[in-house]
Amino acid sequence: MSKAQILAIFASVVLFVALYFGFDTKPDKQKSIEHSRSLQGESTSFETLLQEATTHLSPAQLTQVSDIEKQIEAATEDQKRVELLKMLSGIWYDFNQLPIAGGFAEKVAELENVDSTWSVAGGTFFNALVASKDPTVRQYCADHAVKAFESAASLAPDVVEHRVNLALVWAESPPPDNPMQAVLMLRELVAKYPQSASVYNALGRLAIKTGQWQRATERLEQSWSLDKKNPNTPCLLAKAYEGTGNIAKATEYEALCKGQ
């Protein structure tokens, strides 16, 4: 799936910091373990994640984000700050530092407070959640994705996609006290929006995640019948049919997926 397609489902946006240089003789595995422990041992914050992410930037990248940060500090109007924050968020996204991109997307959403920018922030945090294996980072991203999609849904309650995306976050990171929350929410949405392709698409994704291949194909075929313009559905159908062993169907939808 291309970056443009990912952003179409959910989003992107972001900002900066400082770096110190030093000679480090610790092996990568040890540094990774110590980094995980440091995050686990303190209340993880955006500042903590930003400081860590900054250590992975090259001097040229540091200069790039620093220049934009200076412009943000000098900006006297919110609209200008929003434009610069979006630019910086995109830069961090390109650096593959998705939690940081999400953090600055969240700052944009707080300034504009409209459902579309909250959805962008939620989508960026969701992508970061899926990409990360660090449990502390995953929890941080899940919490902020939930906050963002809940904010989007409260501002635009008739836009079903915001609640679908919220359910997908819960599917990826189930609440300990309610592990079935994503399924229950999607069932409610099916009952309320029986003609919504995005709801069936989400149910299909969930079925793929749990290896229920036949159910996945049924849900996704229903989604495809309702909306032939969704670029992600044929890609999901190809995977679902591959899971059932139907190679002919998988090949058919794979061709549609690549043609998007």
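The values are calculated or read from the model by the stated rules, or taken from the named source; none is laboratory data. Bear in mind that the values here come from a model prediction, so they are computed numbers and not experimental data. With ideal geometry, Cβ positions are generated from the backbone for all residues, glycine too; neighbour counts draw on all protein chains shown.
Observations
- The helices (runs of 4 or more DSSP H) found wholly in segment 61-174 and carrying at least 2 residues that are over 15 Å from the mean Cα position of the chain (by Cα) and among the hydrophobic types (A, V, I, L, M, F, W, C) occupy 78-94, 98-112, 135-155.
- Selected residue (only one of L184, L203, L256 is of a type in the set (A, V, I, L, M, F, W, C) and closer than 17 Å to E161 by Cβ): L203
- The residues on offer are A182, A207, A167, A216, and the sole one that is touching a residue at least 12 places away in the same chain (Cβ under 8 Å), closer than 22 Å to K249 by Cβ, out of contact with any Lys or Arg (no Cβ under 7 Å at 6 or more places or on another chain) and surrounded by 20 or more Cβ atoms within 10 Å (Cβ to Cβ) is A216.
- Flag set for L57, criterion: touching a residue at least 24 places away in the same chain (Cβ under 8 Å), aliphatic (A, V, I, L, M) and outside any helix (DSSP H, G or I).
- Flag for P179 being closer than 17 Å to G123 by Cβ, not assigned by TED's automatic domain parsing to the domain that holds T124 and not in a helix (DSSP H, G or I): no
- Residue within segment 209-217 that is part of a helix (DSSP H, G or I), at pLDDT below 95 and outside the structural domain of E106 (by TED's automatic domain parsing) present: yes
- Of all residues in segment 231-260, those that are touching a residue at least 24 places away in the same chain (Cβ under 8 Å) have Cβ atoms under 6 Å from Cβ atoms of residues that are crowded, with 16+ Cβ neighbours inside 10 Å and in a loop (DSSP other than H, G, I, E, B), 6 or more apart or on another chain, in Q260/P231.
- Checked against (1) more than 30 Å from L84 (Cα to Cα); (2) free of Cβ contacts under 8 Å to residues at least 24 places away in the same chain; (3) not β-branched (V, I, T), S196 meets all criteria but (2).
- Residue within segment 82-94 that is aliphatic (A, V, I, L, M), modelled with pLDDT under 95 and not assigned by TED's automatic domain parsing to the domain that holds C235 present: no
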